[in-house]
Amino acid sequence: MNIYHHNKPFDLELGGSLPELTIAYHTYGTLSPERDNVVWVCHALTANSDVADWWPHTVEKGRFLDPEKYFIICANILGSCYGTTGPLHKNPLTGKGYYRSFPRYTMRDIVRVHQILADALGIEKIKILVGSSVGGFQAIEWAVEQPERFGKLILIATDAKASPWTIAIDETQRMAILADPTYVLDIPEGGSEGLATARALALLTYRGAKGYNLTQQDPDDLYTDPIHRACTYQRYQGQKLVRRFDAYSYLAILQSFDTHNVGRGRGGIPAALSKITMPTMVVGITTDIVFIPEEMRELADLIPNAQYFEIDSPFGHDGFLVEADLLNTLLIPFMTDDEP
């Protein structure tokens with residue numbers, strides 16, 4: 001992991017400010033002498049800048065994120081707990097952790113942090129911008145803000161706006177965290193049980209009925225054991241997140257998620273998306289109940305030079321994480337169709 005220190009105040013869209021920024025990022029491969037082989041990946045909610053860690057079988061030779069061909073960059077998002085400034089960082093003005101006092105920020109603030117890093121690294125042009133889920137929020141926002149910076153755009157299981165449905169999902173998770181009495185203690189483990197519950201709730205939407213019914217069936221003789229496989233799975237996944245994340249960062253990111261509306265202040269979503277003129281691929285997932293295929297098709301229709309494809313997967317929204325072979329089949333031709 002690499003760290004870039006931005007030793008200047010960072011003013012936030014909602015009126016707050018951070019005295020300085022720490023930006024964590026990973027790179028893979030080698031930057032070409034012409035600096036024309038950059039692929040920038042924007043990560044999702046609880047992921048980190050190490051794409052090879054959370055997106056299996058993608059950062060490999062012959063895959064769409066081939067490090068022998070591309071110089072791949074991913075930056076940890078603002079408010080996370082994987083290196084970039086977030087709630088568990090110390091406030092240099094007080095010497096204490098931010099915790100609940102971490103200022104509110106928006107998706108556009110996250111993108112401005114990406115822009116700061118890209119400028120600091122001397123990356124003027126990005127060959128391909130890739131974003132999945134919340135990473136897609138970032139990619140859409142960045143592509144509208146600086147369309148001249150990108151050669152191509154790939155959007156997977158995402159949307160131009162946080163819908164009432166996705167905001168409701170987030171609010172339910174926030175309710176779980178805020179119901180944990182330890183959240184107000186402002187300690188690293190504060191709100192852990194609430195976070196575990198929030199994660200279990202989220203997984204229901206990530207996988208959906210088809211995914212659960214495919215992978216969490218009980219044996220026929222389960223009546224001898226009161227613990228259902230689906231129950232242990234929910235508890236395991238909740239505690240698994242607690243071991244690697246914190247409730248304060250999770251809540252901060254959920255709040256930024258809900259601010260996403262690429263049309264805000266730009267004359268509406270169609271007007272904003274009309275600025276995305278680079279070749280774009282939009283990929284939906286048949287069983288995704290977070291960003292449903294109908295919304296993904298509408299997104300593609302509003303982007304002037306976009307094409308839409310759909311992955312048939314039983315794993316819902318999480319299909320973008322597990323269907324690497326299907327993504328390869330779709331993305332490699334798109335990424336290379338203008339190469340000799």
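The values are calculated or read from the model by the stated rules, or taken from the named source; none is laboratory data. Computed from a prediction, not measured in an experiment: that's the story for all the values here. FYI the Cβ positions are ideal-geometry reconstructions off the backbone, even for glycines, and counts take in every protein chain you see. Note: areas computed on protein heavy atoms with side chains; ligands, DNA, RNA excluded. Shrake-Rupley method; radii C 1.70, N 1.55, O 1.52, S 1.80 Å.
Of note:
- The charge dipole of segment 172-241, taken about its Cα centre with unit charges on the Cβ of Lys, Arg, Asp and Glu (plus for the first two, minus for the last two), comes to roughly 340 debye.
- Per residue, the accessible area of segment 229-340 comes to 43 Å² when a 1.4 Å probe rolls over the protein heavy atoms.
- Debye log10 I(q)/I(0) at q = 0.06, 0.08, 0.10, 0.14 Å⁻¹ for the chain, Cα point scatterers: -0.21, -0.37, -0.59, -1.17
- Each of Met278, Gln237, Leu203 was placed along the dipole of segment 185-297 (beta-carbon charges, centred on the mean Cα), and the one lying farthest toward the positive end is Met278.
- When each full DSSP H helix of the chain is screened for a Cα extent of at least 24 Å along its own axis and an average Kyte-Doolittle hydropathy of at least -1.0, the helices passing are 192-215.
- Relative contact order of the chain, taken over Cα pairs closer than 8 Å and 6 or more residues apart, is 17 percent.
- Segment 244-302: C-alpha gyration tensor shape, a/c 1.5 cut-off, then a/b vs b/c: oblate
- Pairs of alpha carbons in segment 126-236 whose separation is greater than 20 Å (percent): 61 percent
- Over segment 38-99, the hull volume per residue, using the convex hull of the C-alpha atoms, is 83 Å³.
- Among the listed pairs Lys125/Lys275; Lys69/Lys127; Lys8/Lys161, a Cα-Cα separation exceeding 23 Å is found for Lys8/Lys161.
- Selected from Gly83, Gly16, Gly131 as most flexible by GNM, with the chain as the system and alpha-carbon contacts under 10 Å: Gly16
- Solvent-accessible area, 1.4 Å probe, carbon plus sulfur percent, for the chain: 54 percent
- Based on DSSP H segments of at least four residues, each scored -39500 (n - 2.57), the chain has a per-residue ellipticity at 222 nm of -11500 deg cm²/dmol.
- Computed over protein heavy atoms with a 1.4 Å probe, the accessible surface of segment 1-150 works out to 39 Å² per residue.
- Percentage of interatomic Cα-Cα distances in segment 284-340 larger than 16 Å: 49 percent
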